Amino acid sequence: MIETAPGPWPELRTSRLRLRFWEARDAAPFAAQNADEETMRFLGGPMTRAQSDAYIIGTREQWSRDGFGKWVVELAETGEFVGALGLQRMRFDADFTPAVEIAWRMTRSFWGLGYATEAARAAVAFGFETLKLDEILALTVPQNLASRAVMERLGMRLSREFDHPLLPHPHPLCRHVLYRLGQG
């Protein structure tokens, strides 16, 4: 069960979006998003409700541990759930870790409207201005052209390809591209 937890969690706003901490009301739309095969095709496939709820719990624990994490992205005007986006420490060892990445997943009905880029710009600004990060990374599979386009609109530059260490080789999603964005 996901409970609403008060805390000193930062909230970000853009002209169309609000990025806020997770509340109990987010569990159902997030689970619906995570059950969508098309939304999850580059993220390991659909999740069960239990897996989705565990993801929220893990994200909230990350906020408590690190002071940052993924926010809920909602429409500022209506409060409608758009997706999840934020900064997180990479949870694996590689020659480019330790590092902080920006990551997102948006509900399919909101694709192509610029929300991921808009929210990501706010999160990147938070990372550089508030967290004082020197660099923010992003990664995805090479065939995820929509996410790669967001990375490029953020000014991120393709660094290289690599095999994701948390996925067995060969796995259809093992190969990833790494993008980098430095402050300044």
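Readers should treat all values here as calculations from the given coordinates under stated rules, not as data from a laboratory. All values reported here derive from a predicted model rather than from experimental measurement. Glycine gets a Cβ as well: all are built from the backbone with ideal geometry, and neighbour counts include every protein chain shown.
Values computed for the structure shown
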item: Candidates G69, G86, G112: whichever shows maximal mean-square fluctuation once the chain is modelled as a Gaussian network with Cα springs under 10 Å; result: G112
item: Footprinting exposure proxy for K132, K70 (fewest neighbouring C-beta atoms within 10 Å first); result: K132, K70
item: Amide H within-cut-off set for L17, under 5 Å, with H built and near neighbours excluded; result: A76
item: Listed residues A138, A84, A35, most fluctuating in the chain (Gaussian network, C-alpha, under 10 Å); result: A35
item: Linear extension gain, T130 paired with T97, 0.36 nm per residue minus alpha-carbon span; result: 9.8 nm
item: Cut-off under 5 Å, modelled amide H: who pairs with W71 long-range; result: L85, G86, L87
item: M90, M106 arranged by Cβ crowding within 10 Å, fewest neighbours leading; result: M90, M106
item: Likely footprinting exposure, F162, F68, F126, fewest C-beta neighbours within 10 Å first; result: F162, F126, F68
item: 3J(HN,Hα) from dihedral phi, segment 89-98, Karplus parametrisation 6.51/-1.76/1.60, rounded to Hz, x for glycine, proline; result: 6, 5, 9, 8, 9, 8, 5, 10, 10, x
